[in-house]
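Input: a single structure, listed below in structure tokens.
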Amino acid sequence: MAPLRINPSILAADFVNMQRELERISTADLVHVDVMDNHFVPNLTFGPQMVGRIQDVSPIPLDVHLMIDDPDRWAPGYAELGVYSVTFHAEAAADPVSLARELRARGARAGIAVKPGTGIEPYLDLLEEFDQVLVMTVEPGFGGQSFMPETMPKLRALREAVEARGLDVWLQVDGGITEETIVTAAAAGADTFVAGSSVFRGEPAERITALRDAAAAHAH
């Protein structure tokens, strides 16, 4: 069974006390940092300066998710901050393969994300170019939305392709992940889980353990 990762989303954290919030999730695998530009999605969060400061103080590596226009131009700058992983959206990138190679060249893992309505088929033959594929299980832009089970066939197709070719590609889900929905996503083949409110609304260390245990019991 592939290792399972729990990546809490700081979209659900207390922004004013960010360093404290990062310490509270230190038992997680990575911290998921949502960068939104108010163009690609109708919400605005923070840019490179804030991500750089989070990188400075975080006890765990950063998994940066760029929900922005023109990632071909902007994404490499995030890799240069020293973050562990940079994920950009397939819908926004002009040349996903070239961008992924650029991110890797600058020292970050390269991820590609697809919105719920975006098909995965065009990317199945390109999986070697990516370190992670993020299947959005809500429409990107806001936390607290309900999980969309109709996205699970994409995960199953990805898991089948990854295993058939013996690839080391993480399969991530983001949106509406709870102890209940993580079971569905794990059974469909996900191994990396972004959870926001379901971690931060309780005692984070306990919530992270509960999510990890639920996923492990049903992992592909």
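The numbers here are math on the coordinates, done by the rules we state, and not lab data. Bear in mind the structure is a predicted one, so any value in this text is a computation, not a measurement. Neighbour counts run over all protein chains shown; Cβ positions are idealised from the backbone, glycine included.
The C-beta contact set for the stretch 178-201 (first residue touching a residue at least 12 places away in the same chain (Cβ under 8 Å) and under 12 Å from S9 (Cβ atoms), second residue of a type outside the set (A, V, I, L, M, F, W, C) and in a helix (DSSP H, G or I), distance under 6 angstrom, 6+ apart or interchain) comprises V199/R207.
Would you call L126 in contact with a strand residue (DSSP E or B) (Cβ under 9 Å, 6 or more places away or on another chain), without any contact (Cβ under 8 Å) to a residue 40 or more places away in the chain and surrounded by 21 or more Cβ atoms within 10 Å (Cβ to Cβ)?
Values: in contact with a strand residue (DSSP E or B) (Cβ under 9 Å, 6 or more places away or on another chain): yes; without any contact (Cβ under 8 Å) to a residue 40 or more places away in the chain: yes; surrounded by 21 or more Cβ atoms within 10 Å (Cβ to Cβ): no.
Here the answer is no, as L126 does not meet what is asked.
When restricted to residues that are in a helix (DSSP H, G or I) and not hydrophobic (A, V, I, L, M, F, W, C), the stretch 46-88 contains 12.
Taking the criterion of being in a helix (DSSP H, G or I) and acidic (D, E), the residues of the stretch 115-174 that qualify are E121, E128, E129, E150, E160, E163. With the structure loaded, tell me whether G143 is out of contact with any His (no Cβ under 6 Å at 6 or more places or on another chain) and on the phi > 0 side of the Ramachandran plot or whether it fails that test. Against the criterion (out of contact with any His (no Cβ under 6 Å at 6 or more places or on another chain) and on the phi > 0 side of the Ramachandran plot), G143 does not qualify. Counting only residues that are touching a His at 6+ places or on another chain (Cβ under 7 Å) and outside any helix (DSSP H, G or I), the stretch 182-220 holds 2 of them.
Select, from V86, V41, V64, V57, the only residue that is among the β-branched types (V, I, T) and in contact (Cβ under 8 Å) with a residue 60 or more places away in the chain. Just one listed residue meets the conditions, V41.
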